[in-house]
Amino acid sequence: MAQNHLLDQSQQSSIEEIVQKFLPQSPIANIQRFGSGNINDTFLISLKDNLKDNFKGNLPVQHSSHFILQQINTAVFKKPPMVMQNIRIYAEHVRDRLQASPLDRRWEIPQILPTEEGHDYWQTEQGEFWRSLSFIEGSQSFDVIADVERAREVGYALGTFHHLTSDLAATRLADTLEGFHITPRYLRQYEQILAKGNRHISPEVDYCMRFVSDRQGLAHILEDAKAGKLQERTIHGDPKVNNILFDRQTQLAVSIIDLDTVKSGLIHYDIGDCLRSGCNLRGEETEQWEDVTFEIELCQGILQGYLAKASSFLTESDYAYIYDAIRVITFELGLRFFTDYLAGNIYFHAQHPEHNLWRSLVQFRLVASIESQESAIKQIIVDSSK
Ligand code: ADP
Ligand code: GN1
Ligand code: MG
């Protein structure tokens, strides 16, 4: 989401106050809103370079002059301490694993920067939860992936995440967001909202309602597969392309961030989400929703990159569900955006009342494009698995 990156004076001073909880008396050079996430409020804090060494003892990355400060969205994550605990378990697991068998290239895990009192978050008197994370230096994220080389890197990043967590027992992780990616549940929520009435009728709303009603059966495919076909593992939950960071110099993927939904689930949610977000050249935010298509070359690139890291732990059944995963998760996101629009935009950050409606149209259009290329996509999956 494009955000206004400027802060007014009172926002600036409240953020400065929060920063003090993590780095007392640290000299701040600049505070800016950062990234384009739909859930949390993210700020990049820059420290004054000439003084930063005085405080480096408290910084997770030595000599770093930036860090990320985030307000966790408590309307979404009801128990932020659980979120932080999961991130810690994940980060420690991956750190140990990388120490035992390092990768042959740069790979970074965002580190939790504790408060002065040693806690993983700061809770204000108003009940806000703030956390601080190391900034992955020299990195950038993209809302849209435009070429096959970068697509391969997106796949590599997700494959690396699944590879490094393949031995992290999902039972160690708390459920930070109940019902996340349980598509039939989103369908029920949609039906409940619909039953309340009061919706504004327009051709776009009509299109979305018909789209959902024509594809209700889609909602059950992955959940049904949990009965014997697919097993639950540790997942990222939200591996869309702007949650993957690239090294500005090498252009290689160097990190996967936004770890709030690292928990137990089907890795198919991740594979589907990565492909739906990585294969849409127009991006999730386009208003030209009628032009949205699922790009098959990018799909091939992402799968190649992913399978280079993940083929060793995928079963035949896993492969058999990849196509369905792509359209189910795309349909699910369209449904989630549409439901949020109908509910009055209470979940996803939105800049205007129709924002989530437009977003849902983009995802539904993508579903239609995926379906129209079913045999080509299935062929790519078969070819990439060889
Ligand atoms: P949201 O849940 O709102 O999507 P994210 O954790 O994804 O929040 O953060 C929003 C954006 O901020 C990311 O897409 C990325 O561009 C940037 N960002 C977040 N954490 C880091 C980090 N540790 N290092 C560098 N950039 C980051
Ligand atoms: C949210 O936080 P962000 O912007 O990375 C959402 C994802 C959606 C995505 C769509 C916790 O991700 O599930 O796929 O928006 N995260 C949560 O852009 O709901
Ligand atoms: Mg994000």
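The values are calculated or read from the model by the stated rules, or taken from the named source; none is laboratory data. Remember, predicted model here, so these are calculated numbers, not experimental data. Reconstructed Cβ throughout: ideal geometry from the backbone, glycine too, with neighbour counts over all protein chains shown. Side chains are part of the model used for accessible areas, which takes the heavy atoms of the whole protein and leaves out ligands, DNA and RNA. Shrake-Rupley method; radii C 1.70, N 1.55, O 1.52, S 1.80 Å.
Points worth noting:
- Test: residue in segment 219-236 that is at pLDDT 95 or above, within 16 Å of ligand 3 (Cβ to nearest atom) and within 25 Å of Asp324 (Cα to Cα): yes
- Glu204 being part of a loop (DSSP other than H, G, I, E, B) and out of contact with any strand residue (DSSP E or B) (no Cβ under 6 Å at 6 or more places or on another chain): no
- Search result, residues across segment 26-76 that are at pLDDT 80 or above, part of a loop (DSSP other than H, G, I, E, B) and either more than 14 Å from ligand 3 (Cβ to nearest atom) or in contact with a strand residue (DSSP E or B) (Cβ under 8 Å, 6 or more places away or on another chain) (or both): Ser26, Pro27, Phe34, Gly35, Asn40, Lys48, Ser65, Asn73, Thr74, Ala75
- Glu137 without any contact (Cβ under 8 Å) to a residue 12 or more places away in the chain and either surrounded by fewer than 17 Cβ atoms within 10 Å (Cβ to Cβ) or among the aromatic types (Phe, Trp, Tyr) (or both): no
- Candidate set from segment 145-162 (those that are farther than 25 Å from His66 by Cα and either among the hydrophobic types (A, V, I, L, M, F, W, C) or within 14 Å of ligand 2 (Cβ to nearest atom) (or both)); member that is most open to solvent (accessible area, probe 1.4 Å): Ala146
- Test result for Arg365, within 20 Å of Gly283 (Cα to Cα), open to solvent by 10 Å² or more (accessible area, probe 1.4 Å), within 16 Å of ligand 1 (Cβ to nearest atom) and basic (Lys, Arg): no
- Reported count of residues in segment 164-194, each being over 30 Å from Leu103 (Cβ atoms) and open to solvent by 90 Å² or more (accessible area, probe 1.4 Å), is 3.
- Unmet requirement for Val254, which otherwise passes all of (1) in a strand (DSSP E or B); (2) within 16 Å of ligand 2 (Cβ to nearest atom): (2)
- Among residues of segment 286-328, those that are over 16 Å from Cys274 (Cβ atoms), of a type in the set (Val, Ile, Thr) and open to solvent by less than 40 Å² (accessible area, probe 1.4 Å), counted: 2
- 1 or more residues touching an Asp or Glu at 6+ places or on another chain (Cβ under 8 Å): qualifying helices (runs of 4 or more DSSP H) within segment 307-386: 322-343, 355-372
- Meets criteria (in a strand (DSSP E or B) and either free of Cβ contacts under 8 Å to residues at least 12 places away in the same chain or open to solvent by less than 60 Å² (accessible area, probe 1.4 Å) (or both)) for Ser213: no
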